[in-house]
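Right, one structure below, let's go through it.
Values in this text are rule-based calculations from the coordinates and carry no lab data. A quick note: this is a predicted structure, and the numbers were derived from the prediction, not measured. Every residue, glycine among them, receives a Cβ derived from its backbone with ideal geometry; neighbour counts consider all protein chains shown.
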């Protein structure tokens, strides 16, 4: 197969190279076209990954072929298969090919067989993030202002007499406003889209938990923290510290990647002290996020908040471990001192 | 809901080191032996419950109050089924941890949080309805696993496993729902397992509402499980023509 690439790259003045028959599958609609000059044409056929029906056939694909673009155009003749939901792969159960992949570097003969898998309806990451974060912002405020039909009518539009409740509202709102702004201006997403059903799943999670927490924190019968002002002050310090930390990490990660690109690099500590935790942890953004919610739990002393913190921690640990594993796989020189989410522990 | 886990299949030992293969082989034999013992014990336990039920019914001449005669073995063997979640988690049984967990915990919930927790329902006939359904189902299911592990599965056991549920499932569900419904007034009166505001956890829980929601959840869940079992039946028992049997 390297011979083929070599063949294609040979300068024109060389004698016509001996024809090397590539390993082609027995059932082929046409024989592979033999090159007249030292240029090899490729044929590409696209089969459905499940039914193995032939969906598309591209012949005379010149190298270096932006093969994937041609494939996507061909498949898009069916209007419901827009590019974001096309997964094109070498093996029906394998990973998707990326747009940057070059046909000559793939283990195929001059007739390449790709498999197409429909990823289902897709929705952009930005849309999902904006929706799932706006919900908690608004929902919490509905409970904070004690909108009718939530608590007993005599409490409608009243305000809590505990100052920690007002503080909690400010912290919670700040947190989600920060997330919305980061989604719009900071994050650089690797994937454009995710499956559509994720928006329902994610929104149920965020909105549901926000309502559950807000109900108790803003309840007329709310009990303030056991250790009073001391507890709330320390909790607030933790919360703010972790919010700044989380933001610092997001900025550091953004700066790793030039605009519009999808490069991946190892993140390292910068001049910002909040990023020094990169020495010990692969995903400090999750570490700081956990810290923020622990602070919020301490501030409000509310069991649903503790529950939300715990569930979020479990999910973030799963993500952190995955990210850590892919860092280790991709980079030979990845620092060995780092743990996925908790220094030395997890 | 009546727990009907997927059938067992053998773990395929992958190619590798001869020593590794032998080690995995030894572990495989050990887990098979353990599972065999587990399933035999469970079959025996539920058989005991069945025998006592029949004996007491013949002695008393009525269904009423039969629960008390099998209360302890029922609690013991139904709670023991929690081990099955562990089997899936460890990997010696190829079922989903979540699915098995859900099925086992729903049984355990009914045994402890409803029947044991609300003493007044123990006299209800609906309790007998689901206890009988569970007993027959479990005897068939554990025998099925036992014979499968021994690689000698009589067709009758396979047939029973995929046929009895047609009656037992709805029977069990009816018994469960009626029992939960019967417990509602008592739960509301005593405030069982409930927590009200204000309290230092800033949390509240109303068990009465929770039970109602549980009953409502049967509406989407039961048909899904039932039709899944029907599909499994068609797949595993096949059509009569496929076996060349004359009906």
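Couple of notes before you dig in:
- Taking a ≥ b ≥ c as the square roots of the eigenvalues of the Cα gyration tensor, the stretch A:167-219 is classed as oblate, since a/c reaches at least 1.5 and a/b does not exceed b/c.
- From least to most packed, judged by other beta carbons within 10 angstrom and beginning with the fewest, B:219, A:251, B:236, A:46 follow the order B:219, B:236, A:251, A:46.
- In terms of its C-alpha gyration tensor, the stretch A:161-295 comes out oblate, because a/c is 1.5 or above while a/b does not outweigh b/c.
- Note on residue B:152 and residue B:218: with the Förster distance fixed at 35 Å, the Cβ-Cβ geometry gives a FRET efficiency of about 0.40.
- Debye log10 I(q)/I(0) at q = 0.16 Å⁻¹ for the stretch B:136-219, Cα point scatterers: -0.74
- Relative contact order computed over the stretch A:120-250 (Cα-Cα under 8 Å; 6+ residues apart), in percent: 40
- Ratio Rg/Rh, restricted to the stretch A:227-307 and using Cα atoms, in which Rh is the Kirkwood radius: 1.10
- Applying 1/(1 + (r/R0)^6) with R0 = 60 Å to the Cβ-Cβ distance of residue B:210 and residue B:30 gives a FRET efficiency near 0.90.
- Using a cutoff of 8 angstrom between alpha carbon atoms and counting only pairs six or more residues apart, the relative contact order for the stretch B:19-242 works out to 20 percent.
- For the stretch B:19-242, alpha-carbon Rg relative to the globular expectation (2.2 N^0.38 Å, N residues): 1.16
- For the peptide B:190-199, the mean number of other protein chain Cβ atoms found within 10 angstrom of a residue's Cβ is 2.
- Segments A:261-273, B:60-72 sorted - mean Cβ within 10 Å per residue, highest first: B:60-72, A:261-273
- Ellipticity at 222 nm from helices only: DSSP H runs of n ≥ 4 in chain B, each -39500 (n - 2.57), divided by the residue count, give -23500 deg cm²/dmol.
- The ranking of B:124, A:229 by Cβ neighbour count inside 10 Å, starting from the fewest, reads A:229, B:124.
- Within 10 Å of the Cβ of each residue in A:295-302, the mean number of Cβ atoms contributed by other protein chains is 1.
- The protein assembly as shown pair-distance distribution - Cα-Cα, 20 Å bins, rounded %: 14, 34, 38, 13, 1, 0
- Computed from the Cβ-Cβ distance with R0 of 25 Å, the FRET efficiency linking residue A:310 to residue B:232 stands at 0.10.
- Here the simple spin-label model places points 7 Å from the Cα toward Cβ, and for residue A:174 and residue A:126 these points are separated by 2.8 nm.
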